[in-house]
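J.: Got a structure here, written out as structure tokens. Questions coming.
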């Protein structure tokens, strides 16, 4: 336990720089709202796959939220209805299922699911930024171990914009703390995706005051843990929580 706190102090970053912390989970479940169930008849298998949601992400997000007493905003609606972590002009905004939906249905999906979620998060962060607060936003996700036939050789990914000092410094320190908690963990920066690609954190970086006061980090967890043994999955969650708690505690 003590080694994680030491790792954080040596990294030279201060969590007191952040006045507010918020945790989100955009792909927390595979629920299909009643109004759109007819679109998903016979698609139970894909709904429960990594294409339908991020297994393990919401469980971890809840644990982190409780541990550092940070508010959690999440969605348990399947990403196959609408992609909450993409812009409306993205090719991935609607899935193969909902791209064939009627224009009326698509408008309803955006109105009832996409915009309410995005606005809820945006308004909370925008309000803090308007008060001059420095905000840390942790967006929790998970990724499939094998993608298009290629095995991904990492356990944890920290996605951020390397050009933003708050984000780069925080991720460097968190990576160090994770390694102190468990040296066997393979933690990589901006893998398996780029932190500057189209995503919710990328959009939130454009808010007024965000340039100097907002850090948006996506935490990506390999699904081999939550899909494997319960003991291994619980151990990984504990290490992640432990590393983050020490980061917060080191400057309290």
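Where a number appears in this text, it was derived from the coordinates with a stated rule and is not lab data. Bear in mind that the values here come from a model prediction, so they are computed numbers and not experimental data. Don't worry about glycine lacking a Cβ; one is built from the backbone with ideal geometry, like all the others, and counts go over all protein chains shown.
J.: What FRET efficiency do you get for residue 105 and residue 203 if R0 is 35 Å and r is their Cβ-Cβ distance, rounded to the nearest 0.05?
T.: 0.90
J.: Under the definition of Cα pairs under 8 Å and six or more residues apart, what whole-number percent is the relative contact order of region 2-249?
T.: That works out to 28 percent.
J.: Something else about it: Per the Cauchy relation, a quarter of the hull surface: what is the mean projected area of the convex hull of the alpha carbons in region 144-252, in nm²?
T.: Seen from a random direction, the Cα hull of region 144-252 projects 7.8 nm² on average.
J.: Continuing with this model, one more query. Please list 76-83, 150-157 highest first by mean number of surrounding beta-carbon atoms within 10 Å per residue.
T.: The peptides rank, most packed first, as 76-83, 150-157.
J.: Now a separate question. So, by mean Cβ neighbours within 10 angstrom, what's the order for 54-60, 225-231 with the highest one leading?
T.: 54-60, 225-231
J.: Can you sort 65, 87 from fewest to most other Cβ atoms within 10 Å of each residue's own Cβ?
T.: So the residues, fewest neighbours to most, are 87, 65.
J.: Taking the chain as the reference, fit the longest principal axis to its C-alpha atoms, fit the long axis of helix 2-11 to the helix C-alpha atoms, and give the angle between the two in degrees, 0 to 90, nearest 10.
T.: 90
J.: Oh, and also: Hey, fewest Cβ within 10 Å first, where do 167, 242, 131 land in order?
T.: Neighbour counts put them in this order, fewest first: 131, 242, 167.
J.: Based solely on its DSSP helices, what 222 nm [θ] is calculated for the chain when runs of n ≥ 4 H residues each add -39,500 (n - 2.57) and the sum is averaged over all residues, nearest 500 deg cm²/dmol?
T.: Rounded to the nearest 500, the figure is -11500 deg cm²/dmol.
J.: Need the C-alpha centroid separation for region 28-52 versus region 108-158, integer Å.
T.: Answer, in whole Å: 20.
J.: For 247, 107, what ranking results if the residue with the fewest other Cβ atoms within 10 Å of its Cβ goes first?
T.: Least to most surrounded, the residues fall as 107, 247.
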